[in-house]
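The values are calculated or read from the model by the stated rules, or taken from the named source; none is laboratory data. Fair warning: this is a prediction, and the values are worked out from it, not measured in the lab. Heads up, the Cβs are rebuilt from the backbone with ideal geometry, glycines too, and the neighbour counts pull from every protein chain shown. The area values use the complete protein model at the heavy-atom level, side chains included, leaving out ligands, DNA and RNA. Shrake-Rupley method; radii C 1.70, N 1.55, O 1.52, S 1.80 Å.
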Amino acid sequence: MRIIVTLFITFEGPEGSGKTTQVGLLSEALIDKGWSVLATREPGGTRIGNAIRNLLLDVDHTEISARAETLLFNAARAQIVDQVIRPALDAGQIVLCDRYADSTLAYQGYGHGQNLDELGMLIHYATAGLTPHLTIYLDVVPEDGLRRKRNADTPEWNRLDAKQLAFHQAVRAGYLQLAAADPKRWLVIDTTQDVMRVHAQILAEVKRRLGKRVEEQL
Ligand code: TYD
């Protein structure tokens with residue numbers, strides 16, 4: 001009997017929370033153990049998504065309207081779900097995604113004050129209802145996160161980073177609210193700890209979830 005485990009894990013967090021590093025470490029650890037893993041990111045991950053990403057993160061595009069921005073993030077999301085995430089899950093791969101629908105709720109909803117119910121409907125449409133099994137939230141206070149990002153070896157400063165500190169504080173508060181509302185799906189991790197300690201906590205939780213899902217199939 002071949003056991004197929006479907007596991008869709010998303011990583012969320014404010015700027016400079018170390019998501020990309022942790023996606024890489026988890027992906028390596030799982031591949032080492034023989035799992036088939038697909039790691040991707042939003043916005044991007046597809047040709048269409050990368051074109052939308054360039055449009056969204058261009059520092060010159062200051063006139064973009066809030067609704068246009070939301071729709072573009074969700075257009076990129078619909079593309080990555082249909083073209084990459086859904087097929088990989090159907091093929092039995094573990095999918096890791098650096099940002100997903102909760103970024104829209106945190107940034108466009110809590111950050112920009114767009115209506116959360118309307119965003120929920122839009123996300124449902126864009127994802128065709130695909131919800132992560134586990135969402136890892138890497139917590140960092142905006143002051144530290146923005147500082148870390150500026151000091152990185154290859155600083156990637158984009159239009160959205162340049163927003164006021166208050167915006168980033170609202171984003172973080174939004175994430176914490178989302179996590180508190182659904183503790184079964186969310187794992188909140190304090191990133192003031194060493195990178196490898198953060199990784200160890202993530203890996204322990206993923207192993208636990210994998211064990212449960214394998215058991216369900218036996
Ligand atoms: P990126 O360079 O990928 O930043 P990070 O390394 O922090 O993920 O830029 C993505 C930016 O887009 C980031 O500021 C968060 C923002 N974003 C939204 O506002 N809404 C969304 O739905 C998504 C996916 C991202």
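A few comments on the model shown:
- Complete set of residues in the range 142-194 that are part of a loop (DSSP other than H, G, I, E, B), in contact with a Ser or Thr (Cβ under 9 Å, 6 or more places away or on another chain) and at pLDDT 80 or above: Asp182, Arg185, Thr191
- For beta carbons closer than 8 Å, sequence separation of 6+ or different chains, a first residue in the range 30-47 that is free of Cβ contacts under 8 Å to residues at least 40 places away in the same chain and a second that is open to solvent by 90 Å² or more (accessible area, probe 1.4 Å), the qualifying pairs are Thr46/Gln83.
- Among the residues of the range 2-44, those that are out of contact with any strand residue (DSSP E or B) (no Cβ under 8 Å at 6 or more places or on another chain) and at positive phi comprise Gly16, Gly34, Gly44.
- Subset of the range 92-124 (residues that are of a type outside the set (Val, Ile, Thr) and in contact with a strand residue (DSSP E or B) (Cβ under 9 Å, 6 or more places away or on another chain)): Gln93, Leu96, Cys97, Asp98, Arg99, Tyr100, Ala101, Asp102, Ser103, Ala106
- Total residues in the range 167-198 satisfying the condition of being of a type in the set (D, E, K, R), in contact with a Pro (Cβ under 7 Å, 6 or more places away or on another chain) and under 21 Å from Arg147 (Cβ atoms): the figure is 1.
- Selection within the range 49-60 - in a loop (DSSP other than H, G, I, E, B) and open to solvent by 60 Å² or more (accessible area, probe 1.4 Å): Val59, Asp60
- Restricting the first member to the range 87-107 and to residues that are within 13 Å of Ala76 (Cα to Cα), and the second to residues that are within 8 Å of the ligand (Cβ to nearest atom), the beta-carbon pairs closer than 6 Å and six or more apart or on different chains are Arg99/Glu42; Tyr100/Glu42; Thr104/Phe73.
- Residue among Glu15, Glu63 that alone is of a type outside the set (Val, Ile, Thr), within 22 Å of Gly113 (Cα to Cα) and either within 15 Å of the ligand (Cβ to nearest atom) or surrounded by 13 or more Cβ atoms within 10 Å (Cβ to Cβ) (or both): Glu15
- Restricting Glu63, Glu12 to residues that are of a type in the set (Asp, Glu) and closer than 18 Å to Leu134 by Cα narrows the list to Glu12.
- The set of residues in the range 172-181 being in contact (Cβ under 8 Å) with a residue 12 or more places away in the chain and either open to solvent by 30 Å² or more (accessible area, probe 1.4 Å) or in contact with a Leu (Cβ under 7 Å, 6 or more places away or on another chain) (or both) consists of Arg172, Ala173, Gly174, Leu176, Gln177, Leu178.
- Only residues that are open to solvent by less than 30 Å² (accessible area, probe 1.4 Å), closer than 22 Å to Gly34 by Cα and outside any helix (DSSP H, G or I) were counted across the range 80-131, and they come to 6.
- Scan the range 18-60 for residues that are within 13 Å of the ligand (Cβ to nearest atom) and closer than 22 Å to Asp144 by Cα and the total you get is 8.
- Residue within the range 26-36 that is out of contact with any Leu (no Cβ under 6 Å at 6 or more places or on another chain), surrounded by 14 or more Cβ atoms within 10 Å (Cβ to Cβ) and farther than 21 Å from Val214 by Cβ present: no
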